[in-house]
Amino acid sequence: MPLTPVITEHWDAPDLYTIDGYRRFGGYRALQGALKKDPDAIIGMVKDSGLRGRGGAGFPTGLKWSFVPQNDGKPHYLVVNADESEPGACKDIPIMMANPHALVEGVIITSYAIRAGHAFIYIRGEVPNAIRKVANAVRQAREAGLIGKNILGSGYDLEVVVHSGAGAYICGEETALLDSLEGYRGQPRLKPPFPAVAGLYASPTVINNVETIANIPYIVDRGVDWFRQFGTEKSPGFKVFAVSGHVNRPGIFEAPLGITMRELLGYAGGVRGGGEVKFWLPGGSSVPMLTSEHLDVPMTYEDMAAAGTMLGTGTPMIFDQTVSVVKAVTRWLEFYKHESCGKCTPCREGTYWITGMLEKFEHGHGSAEELDTIASACLQIGGRSFCALGDAAATPYPAAMKFFRDEFIAATQTSADEQFDPVASYVFAGAVTR
Amino acid sequence: MTITSNANAEVAPVETVSVFVDGVAIDVPKGTLAIRAAELLGIEIPRFCDHPLLDPVAACRACLIEVEGMPKPQPACAQVVAEGMQIRTQMSSPVAKEAQEGVMEFLLLNHPLDCPVCDKGGECPLQNQAMSVGRPESRFDGEKRTFPKPINVSAEILLDRERCVSCARCTRFADQIAGDPMLELLERGAKQQVGTAEDEPFDSYFSGNTVQICPVGALTSASYRFRSRPFDLVSVPTTCEHCASGCSLRTDYRRGTITRRLAWDDPQVNEEWNCDKGRFAFAYLDEGRLSNPLVRENGELRPASWPEAVAVAAKGLAAAGASTGVLTGGRLTYEDAYAYARFARVALGSDNIDFRARESSEEEADLLRASIAGTPVGSTYAALEQAPAVLLVAFEPEDESPILFLRLRKAAQRSGTRVMGVAAVATRGLAKMRGTLIPALPGQEGSALTSLDSSVIDLLSTPGSVILVGERIAAAPGGPSAVAALAERTGAALAWVPRRAGERGALDAGALAGVLPGGRPITDERAREEVSQVWGVASSDLPTAVGLSGDALLDAARSGSLAALVVAGVEAADFGDVTAAREAIAGSGFVVSLEHHHSEITALADVVLPVAVVSEKAGTFLDWEGRPRPFGQVFRDALAMSDATVLGMIAEAMGISTGASDVAGIRREAGGLGPWTGARAAAPATPSAAQQDASIRVASWRALIDTGLMQEGEPYLAATARPVVAGISSALAASLGNPSHVVVSGPAGSLTLPVEVGGAIDGAIYLPMKSQGCSIHEDLGVRIGGTVDVRAGGQ
């Protein structure tokens, strides 16, 4: 399946991040057309396109927009979730770095469609370069009369605020992000009410991922039929796949949904040193792992679900035979323990406990019964936590056990480092001298 | 005492839905939470973060249940039921049972399990629910996270963070109920902990409630920590004696000593809350008690036997007769006040009686006689919650009736009740009630009321609106009249909120000149007839004219025109004119003091008769609503006698029968009177005048936590008192050169106090009435509305 660069099409242009560069390739043409349309027509168009949220959950974007009550007399808000913090995910930050105006144009069109007068782009605080790029793009758009009062003579007013987070994983959870944006401690909110009804400042709010919003100008400009020629019936369109790990050429590949991992591996130059894929994750540490058996499963929301995992953020991580799965799972759980917001018991206490047990295995001290205890503790977290991030903490271990039980059994006697030379797994393994 | 409730009030039909809990059908009001629906069937779902009076947070996940059609277990504390919903609890669902066990196991991972040394042990929801729904053995063998312990979140409240289960009850209480959001969860994950900002303690009058609702032993009070185990305590339901809010309490004691007091559940009054004074101020009950009667001989008080002391008192009072004044104070029970009212009229033939040991006026007495005394329960806590508007006049609820404050805050938050305060200070309490200030110089509330904006009049004219007038209206000439006129004009209900617990009861019992029990005017022949029948005396034996009260009574005693005084539960420092009060006591020919503690007045008295404190007797307080708040005797084997019993002994020694002296007998006797249906005294009609001049007038009231006698012996509570400041307007501050401190001078002296800019309107200065280092009556010799000299100075 060929690559279909759209958002990434002109990333090699050195000035794409400027408004002039963006305009040279047709930028802000979609906005001009959109502002002449009825907002509902844009919502209808996005609905018809079948675009699904690119942040991980894959919720239909047009449907989400249509939940916002109209003529309710309240201000509406668009919030862009640019708090990309998922381990292994690296697609939103490159988009913001290379093509920030696609995001800004998408923000303006989306705000117009949902009748929002204020939009916020919440970017994780650790990426000041991306924050500067987006802030600069917003400034340029404002200077060009694309943000502010009476945009392009349409009578539509919009303010866009670029907000920097402070580096908490939980603030990527949409309601926690809203709390953080309002100046509170970021912890997820009780739903209902859902953000579409009572979100930011208790007003109707749409929260979308960066990539989702960056898709909007292209859909509006080129049409539903153009968009639907890519991908499958249930997963239409294209996706920015960010391939990382033990591949020869890690990077970003924009391809239609439905491409397989094997094809992506081909674009990424194959596993390094001609090695084999041991296990891989289709989209971040929160989705269950797959193995080399699954390299031909189409990368769509529905096929990944059928394979027992999720497309997630669509940022595959490839691990070759040098990696200890025990160690990898332990690292992920340490992340969830460190990033647990503390609000609900299962995530707060469960990650603390499981991490402690896994660390024993990593050092070759676990017992076989403890493997069952970890499994049961994962069951006590999954589906019982307050938010999806808590549930996600329970995914790495069961999937790893499904495929690599023997490695965990071995870890009751032999530490991960003894089973797998850690240096061999380094990307720079060849440069290490001992 | 008139027991009437609004039983005829229309009850709106409640929309219900039918749901099934563990297969059992039940109809519940729409919007009910699954956990409450289960409770109605007697099915107890475990819970920690859930609290019926706090917004759901669904954080602890202990209450997970299975709901048919939902893929994941749902928290019962946040799940609103819907028609036909099938709810399965741990009783019928293996999924729910297993989920709850899982959460319980998690909660105990990092909990220290130090139950044997924990104050909560024995009454701990975590302990209890771990027993009922937890696993028998923990599978956790790792290292628990620990914290240095304990830390003070305020002088009174201590926090052991390692015991905390992060249920957020305390933080939500502080934010949602008290409006003092200084408690917050900090940090992340297992390190999450309750805390306060640096140098910003949990400064709340309601902090003790967090200890009570903490489902583990994380929050404890300095006063109770390590004092006893709950299973060693004897519990008695009581009523708080500190203010007119009328809180229902539970008093726990061990070996004859009260160890703690808790807020008890009374949805109509205090819900489940009380204030820190009500919770922690009880040490005074034990300290400085009078142990035996004293009689003055050759100028010196000496111990005497009860028969001797009673005989001396009887002889002196019989000689003085109608030339006796009776000061009962505002702290007595209804039954004791009734006994004084009856003793004055029957045994002494005197109507010189007053319960108002504070600033008072004749105009105020007229308002009480006309509009308050003996009136049935009308404006209630529940009515306030529905009121479209509430006007506060000379009344600062957070300090003077804290539970009323909580209800007003709830009304403002939940029902949008518009709270307006006629006052000289826009207080933090007013802001927490989302209230607006109607500026009025102290002592000139009357003229503010007569010139209210038409929008305020319109609001108050909306049916259901309420005017709450405080006792400090007495300091405003024309104020009581203006309040009565405003209520008449707008149709708003008028309620009087005195500060002390016994004032309303004393008024209804007739412990005010001109008022017989039930608000009967003493000048009314039928009123005297009705009362004389239950008192068993001839109607002609009762005084027919209104006697002396307030300042006039003190003046008469001071000038020697009264031959004797009977004084109960009164401090000289209570009165507006402290010197006059002292001179009245000292100048009176014969003083009988019924007291439980040594005081300035017992030292001046001719006969001192020790009486029971509130924990040693049964009785009733009438709260500001007029609602009887009966309570039982905590210490059943206490030897001290109530005021009523001692008065009965004196009357007997005088050869006069005054009827029942025990609580049951007095309740029966007073109850036999029934409500007064005759004419009431006319409302006062004193014109009020605004005085426009350049003077600075004193706005003042008693802070909740101050140097009151009944707060003695509890240093941790005292340390939570608000800082003593002089509140001045920004204009006054600017004219003084924005000083950090001011020197305030009155006739009796000067005080140097730190300044709070914006703490009063122009022309006024706020000063605490009787706090540590600032008593306007003692130190400055001014009353509310009095003028002082304010200069920059001090540090």
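Suppose we keep just the DSSP beta bridges with both residues in chain B; what percent of those would be antiparallel, to 5?
Working: 62 of 103 bridges.
For chain B, the DSSP antiparallel bridge percentage is about 60.
For chain B, find the longest principal axis of its Cα atoms and tell me its angle to the long axis of helix B:525-535, 0 to 90°, nearest 10.
70 degrees
Considering amide H positions built from the backbone, and no H for Pro or chain starts, which residues 5 or more places from B:Arg260, or on another chain, come under 5 Å of its amide H?
For B:Arg260, whose amide H was placed from the backbone, the distant partners under 5 Å are B:Asp252.
What nm value, rounded to one decimal, do you get for the distance between B:Glu300 and B:Ser235 when each label is placed 7 Å out toward the C-beta?
Label-label distance for B:Glu300 and B:Ser235, simple model: 5.1 nm.
Pick out, from B:Pro46, A:Pro69, A:Gly27, the residue whose Cα sits farthest towards the positive end of the charge dipole of the protein assembly as shown, with +1 on the Cβ of Lys and Arg and -1 on the Cβ of Asp and Glu.
A:Gly27
For chain A, build the charge dipole from Cβ charges (+1 Lys, Arg; -1 Asp, Glu) around the Cα centre, then report which of A:Ala307, A:Val127, A:Tyr156 sits farthest towards its positive end.
The one lying farthest along the dipole's positive direction is A:Tyr156.
Label points 7 Å out from Cα along the Cβ direction at B:Glu200 and B:Glu101: separation in nm?
With each label placed 7 Å out from Cα toward Cβ, I get 4.5 nm.
How long is segment B:102-181 along each principal axis, judged by its Cα atoms, biggest number first, in Å?
Principal axes ranked by extent give 40, 25, 22 Å for the Cα atoms.
Could you tell me the distance between the Cα centroids of segment B:258-334 and segment B:39-86, to the nearest Å?
About 49 Å separates the Cα centre of segment B:258-334 from the one of segment B:39-86.
What trypsin sites (Lys or Arg not before Pro) in segment B:620-669 are in a loop by DSSP, with at most 14 other Cβ atoms within 10 Å of the Cβ? Could the numbers behind the result be given before it?
Details: sites: B:Arg636, B:Arg667, B:Arg668; in loops: B:Arg636.
Those that pass, being in a loop and sparsely packed, are B:Arg636.
Which loop chymotrypsin sites (Phe, Trp or Tyr not before Pro) in segment A:116-185, with loop taken from DSSP, have no more than 13 other Cβ atoms within 10 angstrom of their Cβ? If you can, show how the numbers build up before the last one.
On the way: sites: A:Phe120, A:Tyr122, A:Tyr156, A:Tyr169, A:Tyr184; in loops: A:Tyr156, A:Tyr184.
Those satisfying the criteria are A:Tyr184.
If you take the Cα atoms of the protein assembly as shown, find Rg, then find the Kirkwood Rh from the mean of 1/r over all pairs, what is Rg/Rh?
Taking Rh as the inverse mean 1/r over Cα pairs, Rg/Rh reads 1.07.
Between 0 and 90 degrees, rounded to the nearest ten: what's the tilt of helix B:479-490 against the longest Cα principal axis of chain B?
Roughly 60 degrees, rounded to the nearest 10.
Just to be sure I follow: if Rg is taken over the C-alpha atoms of chain A and Rh is the Kirkwood radius over the same atoms, what is Rg/Rh? List each step's numbers first, then the result.
Details: Rg = 22.1 Å, Rh = 22.4 Å.
The Rg/Rh ratio comes out at 0.99.
Classify segment A:251-372 from the C-alpha gyration tensor, please: rounded if a/c falls under 1.5, else prolate or oblate depending on whether a/b exceeds b/c.
Numbers: a/c = 2.38, a/b = 1.61, b/c = 1.48.
Judged from the Cα gyration tensor, segment A:251-372 comes out prolate (a/c at least 1.5, a/b above b/c).
Antiparallel as a % of all DSSP beta bridges within the protein assembly as shown, to the nearest 5? Walk me through the numbers before you get to the answer.
Details: 79 of 139 bridges.
Restricted to the protein assembly as shown, the bridges split so that about 55 percent are antiparallel.
How big is segment B:508-589 on each of its three principal axes, counting only the C-alpha atoms and giving the largest first in Å?
Result for segment B:508-589: principal-axis Cα extents of 40, 23, 18 Å.
Roughly how many Å is it from the Cα centre of segment B:408-444 to that of segment B:690-745, as a whole number?
Each part's Cα centre sits 19 Å from the other's.
Would you mind checking which residues have amide H under 5 Å from B:Leu516's amide H? H placed 1.01 Å from N; only 5 or more apart, or other chain.
Placed amide hydrogens put B:Ile522 under 5 Å from B:Leu516.
Exactly which GluC sites (Glu not before Pro) in segment A:166-206 are in a DSSP loop and have at most 12 other Cβ atoms within 10 Å?
Details: sites: A:Glu173, A:Glu174, A:Glu182; in loops: A:Glu173, A:Glu182.
Qualifying residues, ordered by number: A:Glu182.
Taking every Cα atom in segment B:282-426, find the radius of gyration and the maximum pairwise distance Dmax, and write them in Å.
Final numbers for Rg and Dmax: 21.6, 65 Å.
How much FRET efficiency would the formula 1/(1 + (r/R0)^6) give for A:Leu63 and A:Ala431, where r is the Cβ-Cβ distance and R0 is 35 Å, rounded to 0.05? The partial results should precede the final answer.
On the way: r = 50 Å, r/R0 = 1.42.
That gives a FRET efficiency of 0.10.
Ordered by residue, what ³J(HN,Hα) values in Hz, to whole numbers, does segment A:152-168 give under the Karplus form 6.51 cos²θ - 1.76 cosθ + 1.60, where θ = phi - 60° and Gly and Pro are x?
Listing the rounded values in order: 6, x, 7, x, 8, 10, 8, 10, 10, 10, 9, 10, 9, x, 10, x, 10 Hz.
Using only atoms on other chains, find how many Cβ atoms lie within 10 Å of each Cβ of peptide B:134-143 and report the average. Spell out each step's value before the answer.
Details: counts 0, 0, 0, 0, 0, 8, 7, 5, 7, 2.
Mean number of neighbouring Cβ atoms from other chains: 3.
If Lys and Arg each add +1 and Asp and Glu each add -1, what is the summed charge of the other residues whose beta carbon sits under 12 Å from the beta carbon of A:Ser292? Each step should come with its number before you reach the end.
Numbers: positive: A:Arg262, A:Lys278; negative: A:Glu276, A:Glu293, A:Asp296, A:Asp320.
Surrounding charge for A:Ser292 is -2.
How many angstrom separate the Cα center of segment B:509-551 from the Cα center of segment A:238-309?
After rounding, the separation between the Cα centres reads 95 Å.
Normalised by the number of residues in chain A, what is the relative contact order in percent for Cα pairs under 8 Å and 6+ residues apart?
On the way: 888 pairs, mean separation 67.9, N = 434.
That works out to 16 percent.
Summing -39500 (n - 2.57) over the DSSP H runs of n ≥ 4 in chain B and dividing by its residue number, what mean residue ellipticity at 222 nm do you reach, to the nearest 500 deg cm²/dmol? Walk me through the numbers before you get to the answer.
Values: 25 runs with 199 residues, N = 795.
Calculated from helices alone, the mean residue ellipticity at 222 nm is -6500 deg cm²/dmol.
Around B:Ile438, which amide H atoms from residues at least 5 apart in sequence, or from another chain, sit under 5 Å from its own amide H, with H modelled in the peptide plane?
B:Gly421, B:Val422, B:Ala423
Based on Cβ point charges of +1 for Lys and Arg and -1 for Asp and Glu, what charge dipole magnitude is obtained for segment B:52-199 about its Cα centre, in debye rounded to the nearest 20?
On the way: 16 positive and 22 negative charges, 77 e Å.
For segment B:52-199, the charge dipole is close to 380 debye.
State which entries of A:Lys36/A:Lys133; B:Lys277/B:Lys770; A:Lys47/A:Lys234 exceed 21 angstrom in Cα-Cα distance in the structure shown.
On the way: A:Lys36/A:Lys133 29 Å; B:Lys277/B:Lys770 15 Å; A:Lys47/A:Lys234 12 Å.
As for pairs spanning more than 21 Å Cα to Cα, those are A:Lys36/A:Lys133.
If you place +1 on the Cβ of every Lys and Arg and -1 on the Cβ of every Asp and Glu, how big does the dipole about the Cα centre of the protein assembly as shown come out, in debye to the nearest 20? List each step's numbers first, then the result.
Working: 109 positive and 143 negative charges, 337 e Å.
Charge dipole of the protein assembly as shown: 1620 debye, to the nearest 20.
I need to check one value: relative contact order of chain B, counting alpha carbon pairs closer than 8 Å and at least 6 residues apart, in percent. List each step's numbers first, then the result.
Numbers: 1873 pairs, mean separation 105.0, N = 795.
Reported as a whole number, the value is 13 percent.
Report, for chain A, the % of DSSP beta bridges that are antiparallel, rounded to 5.
Restricted to chain A, the bridges split so that about 45 percent are antiparallel.
Go ahead and run the numbers for FRET between B:Asn738 and B:Arg139, Cβ-Cβ distance against an R0 of 56 Å, rounding to 0.05.
Details: r = 65 Å, r/R0 = 1.15.
Using R0 = 56 Å, I get an efficiency of 0.30.
Let me know the number of lysine pairs in segment B:32-189 closer than 28 Å at the Cα, not counting same-chain pairs under 8 apart.
Values: B:Lys72/B:Lys97; B:Lys97/B:Lys120; B:Lys97/B:Lys144; B:Lys120/B:Lys144; B:Lys120/B:Lys149.
For segment B:32-189, the number of qualifying lysine pairs is 5.
Length gain on complete extension for the stretch B:Lys72 to B:Ala382, per 0.36 nm per residue less the alpha carbon to alpha carbon distance?
Working: separation 310, 0.36 × 310 = 111.60 nm, distance 3.89 nm.
So the extension gain works out to 107.7 nm.
Please list the radius of gyration and Dmax for segment B:20-175, considering alpha-carbon atoms only, with Å as the unit.
Radius of gyration, then largest Cα-Cα span, for segment B:20-175: 16.9, 51 Å.
Can you tell me the 0 to 90 degree angle between the C-alpha axis of helix B:94-109 and the longest principal axis of chain B, rounded to 10?
70 degrees
Can you tell me how much longer the chain between A:Asp40 and A:Asp20 gets when fully stretched, taken as 0.36 nm per residue apart minus their C-alpha distance, in nm with one decimal?
On the way: separation 20, 0.36 × 20 = 7.20 nm, distance 2.99 nm.
Fully extending the segment from A:Asp40 to A:Asp20 adds 4.2 nm.
Within a 10 angstrom radius of each residue's Cβ in B:183-192, how many Cβ atoms of other chains show up on average? Whole number is fine.
Numbers: counts 0, 2, 5, 2, 3, 14, 14, 11, 5, 6.
The mean count of partner-chain Cβ atoms within 10 Å per residue comes to 6.
Under unit Cβ charges (Lys, Arg +1; Asp, Glu -1), what dipole magnitude, rounded to 20 debye, does segment A:238-333 have relative to its Cα centre?
On the way: 7 positive and 8 negative charges, 82 e Å.
So the dipole magnitude of segment A:238-333 works out to roughly 400 debye.
With each label point set 7 Å from Cα along the Cα-Cβ vector, what nm distance links B:Ala25 and B:Glu525?
Calculated label separation equals 6.7 nm.
Can you give the mean number of other chain Cβ atoms that lie within 10 Å of the Cβ atoms in peptide A:346-358? Before the final figure, lay out the partial values.
Working: counts 8, 3, 14, 15, 6, 2, 11, 8, 0, 2, 5, 4, 0.
If you average over the peptide's residues, the count of other-chain Cβ atoms is 6.
Take the Cα coordinates of segment B:220-310, assign each an equal point scatterer, and use the Debye formula without solvent to give log10 I(q)/I(0) at q = 0.14, 0.15, 0.18, 0.24 Å⁻¹.
Taken in order of the listed q values, log10 I(q)/I(0) reads -0.64, -0.69, -0.82, -1.19.
Values in this text are rule-based calculations from the coordinates and carry no lab data. Quantities reported herein were computed from a predicted structural model and do not represent experimental measurements. Every residue, glycine among them, receives a Cβ derived from its backbone with ideal geometry; neighbour counts consider all protein chains shown.
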